[in-house]
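Working notes, beginning with the structure itself.
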Amino acid sequence: MKIILQAYDPAWPTLFEQEKAHLMDALRRHVTSIQHIGSTSVPGLAAKPILDILIGVPSLVEADEFCIQPIVALGYEYVQAFEAETPQRRYFRKSNAEGVRTHHIHLVEINSDWWVDHLLFRDYLRGNQAARQAYEAHKRELAARDWPTSNDYAEAKTEFIQKTLAEARDWRQNVCM
């Protein structure tokens, strides 16, 4: 599988806001926050053109009962198989009419480690040009290879992301002092 990165598209935030509005209409009182995460949420960063959406809920038990079906009704596929490996997240994906993936939803409990880490990583890349450039260079190096699946590509980024998250935690601690 070849990973295709494209230059940052300034339309991505607008596309996110449009999808966020649909999700808020469908989920209303069951959602605490909906955030744009992933590379498409970082201005200037090359990315696979897939919007990553982080939905924060008070409880996964409540989300299982009240959120899954409304999200599926919006055209998303609920991928329950990943819960064995990542039980703290509910994952959904959506493709366009041509079968090209366009959206991922990561539904987690608000203020969980998953929530905090993904927003911290996004915010750190948004505010740190050197980290953003290093991440893009790493992604481009990995994208030049062939991968069995996109999950293998994602897994290959893990060490870099963990190192960058450690830097981001230090940055947050210094900013909040």
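Computed from the coordinates by the stated procedures, all read-outs in this text should not be read as laboratory data. In this text, all values refer to a predicted model and were calculated from it rather than measured experimentally. Don't worry about glycine lacking a Cβ; one is built from the backbone with ideal geometry, like all the others, and counts go over all protein chains shown.
If you count the DSSP beta bridges with both ends in the chain, what percent of them are antiparallel, to the nearest 5?
Numbers: 16 of 23 bridges.
Around 70 percent antiparallel, to the nearest 5.
Within 10 Å, at most 11 other Cβ atoms, and a DSSP state outside H, G, I, E, B define an exposed site. Report the longest part of the chain free of exposed GluC sites (Glu not before Pro). Don't jump to the answer; show the numbers that get you there.
Details: sites that count: GLU85, GLU98.
Result, exposed sites excluded: 1-84.
Ordered by residue, what ³J(HN,Hα) values in Hz, to whole numbers, does region 56-64 give under the Karplus form 6.51 cos²θ - 1.76 cosθ + 1.60, where θ = phi - 60° and Gly and Pro are x?
x, 10, x, 8, 5, 4, 5, 4, 4
To the nearest 500 deg cm²/dmol, what mean residue ellipticity at 222 nm is calculated for the chain from DSSP H runs of n ≥ 4 alone, each contributing -39,500 (n - 2.57), summed and divided by the residues? It would help to have the intermediate numbers written out before the result.
Numbers: 7 runs with 84 residues, N = 177.
It comes out at -14500 deg cm²/dmol, rounded to the nearest 500.
Compare the Cα positions of LEU165, ALA134, PRO87 along the charge dipole of region 12-171 (+1 at Cβ of Lys, Arg; -1 at Cβ of Asp, Glu; about the Cα centre) and return the one farthest towards the positive end.
Value computed over the given set: ALA134.
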